[in-house]
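Just below is one structure, and these are the notes that go with it.
The values are calculated or read from the model by the stated rules, or taken from the named source; none is laboratory data. Treat the numbers as computed from the prediction; the structure is a model and nothing was measured. Please note: Cβ atoms are built from the backbone with ideal geometry, for glycine as well, and neighbour counts cover all protein chains shown.
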Amino acid sequence: MSMEQRRETLIGLLDDPHPAVQRVANAALERLDGFSGLSHLINELKSGETPRQVQAIYGLARVPGDQVLKILVQCLRHETPDVAAAAARVLQEQRDPRLVKPLVDILPHVPTMIQALLLETLGQLRDRRAVVPIIQLLPALDGEALERGIQALGRLGDPTAEQVLIGLTGHHSPRIRAAAALALGNLPPAD
């Protein structure tokens, strides 16, 4: 069955007498439209014009599938900061635990602004697989990225981070000391 046949079938179901069938057909039609728009969005990403690239990134958020997640992760290393930041924000909205490994892998290789967004995302995912990589990355971080890394450790709530967080309570920056204190308060007691 071709895409056009699928589309026509789903359009026909929009007139079904049962509202549940209409809703499902509408959702399926939106997904199908998303798949057909993927190649257009990929072409926009290759356009070289930043506003169009950013718009394409946000368009990818509406397209389902693993391929889209891979494209968004690749865009985190985009040479244009606005494009990379848009990809980070879209990935943040996905809240998909499959993102933990690719985000942890790319974290050391992206600019500080993107690191900060990715660390926030990892904290929101609340997947403890991110704890050790974040701890290992902390010495290379500063400013907002360091603060977000500490906040992520607090959200992840793994007692493994306790000694690192205690050490950061002596940091020269009051923001870092405060973030470390808050994160320590979020950790459950060690067994």
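Select from the range 151-172 the residues that are assigned to a loop (DSSP other than H, G, I, E, B), of a type in the set (Gly, Ala, Ser) and in contact with a Leu (Cβ under 8 Å, 6 or more places away or on another chain) and list them in ascending order.
Of everything in the range 151-172, just one residue is assigned to a loop (DSSP other than H, G, I, E, B), of a type in the set (Gly, Ala, Ser) and in contact with a Leu (Cβ under 8 Å, 6 or more places away or on another chain), namely Gly157.
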Which residues, counting only those in the range 71-109, are over 19 Å from Gln124 (Cβ atoms) and free of Cβ contacts under 8 Å to residues at least 24 places away in the same chain?
Gln74, Glu79
Which of the numbered conditions does Thr9 fail, given that it passes all the others? Conditions: (1) over 20 Å from the mean Cα position of the chain (by Cα); (2) under 26 Å from Val90 (Cβ atoms); (3) β-branched (Val, Ile, Thr).
(2)
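Conditions (1) over 27 Å from Arg77 (Cβ atoms); (2) modelled with pLDDT of 95 or more, marked per residue:
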position	(1), (2)
Leu119	no, yes
Asp142	no, no
Arg177	yes, yes
Ala181	yes, yes
